[in-house]
Amino acid sequence: MKFYPEECSIKDERMKPFIDPDEIWAHINNAKPTKAKVKEIIAKSLNKERLSMAETAVLLMADEPELIEDIKAGARMLKEKVYGNRIVLFAPLYVGNKCTNNCQYCGFRVTNKDAVRKTLDTDELISEVEALEDNGQKRLILVYGEHPQYNAEYIAENVRTVYKVKKGKGEIRRVNINAAPLEIDDFRIVKEAGIGTYQVFQETYNPEMYKKYHLGGKKKDFEYRLTSLDRAQEAGIDDVGIGALFGLYDWKYEVLGLIRHTNHFEACYNVGPHTISFPRIQDAAMLNQSDKYIVSDDEFVRLIAILRLAVPYSGLILTARENQYVRREVMKFGVSQIDGGTKLELGSYHESVNDKQNLNKEQFKINDSRSLGEIVDELLDDGYLPSFCTACYRTGRTGEHFMEFSVPGFIKRFCTPNAILTLAEYLEDYATEEVAKKGWKVVDKNLKDLESFDKTDELEKRIERIKQGERDIYF
Ligand code: SAM
Ligand code: SF4
């Protein structure tokens, strides 16, 4: 099966910049969406082939309501066909908000003198992780500002600390990172500590606009940031996460920027991005942002659906920046991971802080502050299978999303059974009586759907072992 489009034999070189705005605009300007063309492109994606920039541009320029509906229906179908009903859950953990950069959209920027700066010490980090484990979390992403204190050794030490924290039946089984770009040797140091994915968002793929938003510190170097995940790959980290901050520039351009980044990885490393993030700008202290490029809710749904179709093998991450109604709606079009029980104020998972958000203590405003339990409850109501699975990473099967997508039968053999097992743990250890009741019904339904799976008996036995108190069992 051919997963990558022809253009991935392009002449990109490792660790060399690859963004040419004229190339991106040419694709957008040359796109001629017709009903037939859009249908043909959706069919290609449903056949599990990744779309080229030209094909993605056709979907982006399809502004007719009827075509937009076709694209949304295609993305929905692809999600159902390829990934099924699982949604993986995680939580962000902010470790330190000191920052030497001056990003115009961020509350942590160095010029925000009112920001309350804090870095968790080891005891505080442990308390935060214990509180997250008490909620039932198994996957975290550690988040940092950019500061000399948050170097590779420091991040690696944090990761080791997190993995050691075991509270009750709780433990963190996958630690991802969202921090400043590193040098290759430094990426090796964090890899050694056992990280999952390393995320660096390019924010905007337009170099001129990038300059306007990044006025100081190391982050102002567009090309250094653009090649940061090449350095991660050179260091052996092949689970890398890309993203654009929507609202900084034209959203259609940014989607093609993400596709161009994907081409670059495929051409140079033969592996695309593990995840793609598409945060929309939220209110933040000292936010200095015109609304010229604001992305409406309707455009947001479109861009998610198009990303799903364009890169069908990558995980799509949706965060609590969005409110619960938007989240519920856009999840249908291909999102695979969401956060739950999110708090951004440093130390706030274990300290009871004033519930009101304080923008001088947080990077930006979040719009979904529901607990993990409430989120699981809604997912169950909506027919999803909430998953805390980390099995691939722990058995050395990197690129979990790619395997789900590319290996026939992989989801039935591994993902769904493991999602069921991790949900069973959650229901036993953390769910309220009402959620547990709902959850076991969903487990039964998913077991029925798996009837043709030859290990159903074994899966049932393992669920029984979980009920007897055993933990961390996976396929
Ligand atoms: N400091 C590191 C960096 O800039 O890459 C890592 C973490 S930063 C805290 C995580 C991401 O938050 C940024 O890459 C940016 O896309 C996003 N972000 C910053 N300000 C935001 C805002 N006002 N609304 C939504 N997302 C924002
Ligand atoms: Fe610092 Fe990251 Fe915020 Fe920029 S986005 S000011 S680098 S924390």
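The values are calculated or read from the model by the stated rules, or taken from the named source; none is laboratory data. Source: prediction; values computed, not measured. Counting neighbours? That spans all protein chains shown, and the Cβs are built from the backbone with ideal geometry, glycine included. Accessible surface is based on the protein model in full, side chains and every heavy atom, while ligands, DNA and RNA are left aside. Shrake-Rupley method; radii C 1.70, N 1.55, O 1.52, S 1.80 Å.
Does the range 93-113 contain any residue that is touching a strand residue (DSSP E or B) at 6+ places or on another chain (Cβ under 8 Å), farther than 21 Å from VAL335 by Cα, among the small types (Gly, Ala, Ser) and at pLDDT 95 or above?
Yes, the range 93-113 has at least one match.
Please go through the range 22-41 and pick out each residue that is out of contact with any helix residue (DSSP H, G or I) (no Cβ under 6 Å at 6 or more places or on another chain) and closer than 17 Å to GLY74 by Cβ. Show your work before the answer.
Going residue by residue through the range 22-41, those that are out of contact with any helix residue (DSSP H, G or I) (no Cβ under 6 Å at 6 or more places or on another chain) are 22-23, 25-26, 29-30, 32, 34-36, 39-40.
Within the range 22-41, THR34, LYS35, ALA36, LYS39, GLU40 qualify.
Inspect the range 58-65 for any residue being open to solvent by less than 30 Å² (accessible area, probe 1.4 Å) and either over 30 Å from LEU379 (Cα atoms) or within 16 Å of ligand 2 (Cβ to nearest atom) (or both) and give the result as yes or no. Walk me through it before giving the result.
Narrowing the range 58-65 to residues open to solvent by less than 30 Å² (accessible area, probe 1.4 Å): 58-60, 62.
Subsequent filtering for residues that are either over 30 Å from LEU379 (Cα atoms) or within 16 Å of ligand 2 (Cβ to nearest atom) (or both) retains 58, 62.
Scanning the range 58-65, I find at least one residue that is open to solvent by less than 30 Å² (accessible area, probe 1.4 Å) and either over 30 Å from LEU379 (Cα atoms) or within 16 Å of ligand 2 (Cβ to nearest atom) (or both), so the answer is yes.
Just a yes or no: is a residue in the range 298-317 within 16 Å of ligand 2 (Cβ to nearest atom), in contact with a helix residue (DSSP H, G or I) (Cβ under 8 Å, 6 or more places away or on another chain) and open to solvent by less than 30 Å² (accessible area, probe 1.4 Å)?
Step one: filter the range 298-317 for residues within 16 Å of ligand 2 (Cβ to nearest atom), giving none.
Within the range 298-317, not a single residue is within 16 Å of ligand 2 (Cβ to nearest atom), in contact with a helix residue (DSSP H, G or I) (Cβ under 8 Å, 6 or more places away or on another chain) and open to solvent by less than 30 Å² (accessible area, probe 1.4 Å).
Could you name every one of the helices (runs of 4 or more DSSP H) located completely within the range 392-464 that has at least 2 residues being free of Cβ contacts under 8 Å to residues at least 40 places away in the same chain and open to solvent by 30 Å² or more (accessible area, probe 1.4 Å)? Walk me through it before giving the result.
Numbers: elements: 400-406, 416-429, 433-449.
Here the list reads 433-449.
Residues in the range 176-185: is at least one within 30 Å of ASP449 (Cβ to Cβ), part of a loop (DSSP other than H, G, I, E, B), open to solvent by less than 60 Å² (accessible area, probe 1.4 Å) and touching a strand residue (DSSP E or B) at 6+ places or on another chain (Cβ under 6 Å)?
no
Out of all the residues in the range 447-475, which are of a type in the set (Ser, Thr, Tyr) and outside the structural domain of GLU425 (by TED's automatic domain parsing)? Write out each step before concluding.
Here is the first cut: in the range 447-475, the ones of a type in the set (Ser, Thr, Tyr) are 452, 456, 474.
Hit for the range 447-475 is TYR474, nothing else.
Report yes if VAL116 is part of a strand (DSSP E or B), surrounded by fewer than 24 Cβ atoms within 10 Å (Cβ to Cβ) and assigned by TED's automatic domain parsing to the domain that holds LEU226, otherwise no. Outline the logic, then answer.
Working: part of a strand (DSSP E or B): no; surrounded by fewer than 24 Cβ atoms within 10 Å (Cβ to Cβ): yes; assigned by TED's automatic domain parsing to the domain that holds LEU226: yes.
It is false that VAL116 is part of a strand (DSSP E or B), surrounded by fewer than 24 Cβ atoms within 10 Å (Cβ to Cβ) and assigned by TED's automatic domain parsing to the domain that holds LEU226.
Just one of GLN289, GLN324 is of a type in the set (S, T, N, Q), farther than 19 Å from ASN178 by Cβ, in the same structural domain as ASP377 (by TED's automatic domain parsing) and within 16 Å of ligand 2 (Cβ to nearest atom); which is it?
Numbers: GLN324 fails: within 16 Å of ligand 2 (Cβ to nearest atom).
Testing whether each residue is of a type in the set (S, T, N, Q), farther than 19 Å from ASN178 by Cβ, in the same structural domain as ASP377 (by TED's automatic domain parsing) and within 16 Å of ligand 2 (Cβ to nearest atom) leaves just GLN289.
Taking the range 91-113, which residues are among the β-branched types (Val, Ile, Thr) and not in a loop (DSSP other than H, G, I, E, B)?
Our first condition is that a residue be among the β-branched types (Val, Ile, Thr); within the range 91-113, this holds for 95, 100, 110-111.
Correct list: VAL95 only.
Go through the range 192-207 residue by residue and tally those that are in contact with a helix residue (DSSP H, G or I) (Cβ under 8 Å, 6 or more places away or on another chain) and open to solvent by 10 Å² or more (accessible area, probe 1.4 Å).
First, the residues of the range 192-207 that are in contact with a helix residue (DSSP H, G or I) (Cβ under 8 Å, 6 or more places away or on another chain): 192-196, 198, 200, 202-207.
Retained after the next criterion (residues that are open to solvent by 10 Å² or more (accessible area, probe 1.4 Å)): 192-195, 203, 206-207.
The number of residues fulfilling the criteria is 7.
Hey, which of the helices (runs of 4 or more DSSP H) in the range 197-283, taking only ones fully inside, have at least 1 residues that are within 16 Å of ligand 2 (Cβ to nearest atom) and either small (Gly, Ala, Ser) or over 20 Å from the mean Cα position of the chain (by Cα) (or both)?
Values: elements: 207-213, 222-226, 228-234, 251-269.
Ranges flagged: 207-213, 222-226, 228-234.
Within the range 129-175, work out how many residues are in a loop (DSSP other than H, G, I, E, B) and within 16 Å of ligand 1 (Cβ to nearest atom).
Of all residues in the range 129-175, those in a loop (DSSP other than H, G, I, E, B) come to 136-138, 145-151, 165, 168-169, 172-173.
With the extra rule that they be within 16 Å of ligand 1 (Cβ to nearest atom), the set shrinks to 145-151.
Qualifying residue count for the region: 7.
Just for the range 176-191: of the residues that are more than 12 Å from ligand 1 (Cβ to nearest atom) and in contact with a helix residue (DSSP H, G or I) (Cβ under 7 Å, 6 or more places away or on another chain), which one is farthest from ASN151 (Cα to Cα)?
The extreme case among them is ILE184.
Those residues that are open to solvent by 10 Å² or more (accessible area, probe 1.4 Å) and assigned to a helix (DSSP H, G or I), I need them from the range 319-332; list them, please.
Answer for the range 319-332, where residues must be open to solvent by 10 Å² or more (accessible area, probe 1.4 Å) and assigned to a helix (DSSP H, G or I): GLN324, TYR325, VAL326, ARG328, GLU329, LYS332.
Does at least one position in the range 101-122 carry a residue that is near ligand 2 (Cβ under 9 Å from one of its atoms) and of a type in the set (D, E, K, R)?
yes
Yes or no: LEU346 in contact (Cβ under 8 Å) with a residue 40 or more places away in the chain, touching a strand residue (DSSP E or B) at 6+ places or on another chain (Cβ under 8 Å) and either of a type in the set (S, T, N, Q) or not in a loop (DSSP other than H, G, I, E, B) (or both)?
Details: in contact (Cβ under 8 Å) with a residue 40 or more places away in the chain: yes; touching a strand residue (DSSP E or B) at 6+ places or on another chain (Cβ under 8 Å): yes; either of a type in the set (S, T, N, Q) or not in a loop (DSSP other than H, G, I, E, B) (or both): no.
For LEU346, the condition - in contact (Cβ under 8 Å) with a residue 40 or more places away in the chain, touching a strand residue (DSSP E or B) at 6+ places or on another chain (Cβ under 8 Å) and either of a type in the set (S, T, N, Q) or not in a loop (DSSP other than H, G, I, E, B) (or both) - is not met.
Kindly provide the set of residues from the range 7-60 that are basic (Lys, Arg) and farther than 23 Å from TYR83 by Cβ, ordered by number.
So the first thing to find is which residues in the range 7-60 are basic (Lys, Arg), and the list is 11, 14, 16, 32, 35, 37, 39, 44, 48, 50.
Once the filter is applied, which keeps residues that are basic (Lys, Arg) and farther than 23 Å from TYR83 by Cβ, the range 7-60 yields LYS11, ARG14, LYS16, LYS32, LYS35, LYS37.
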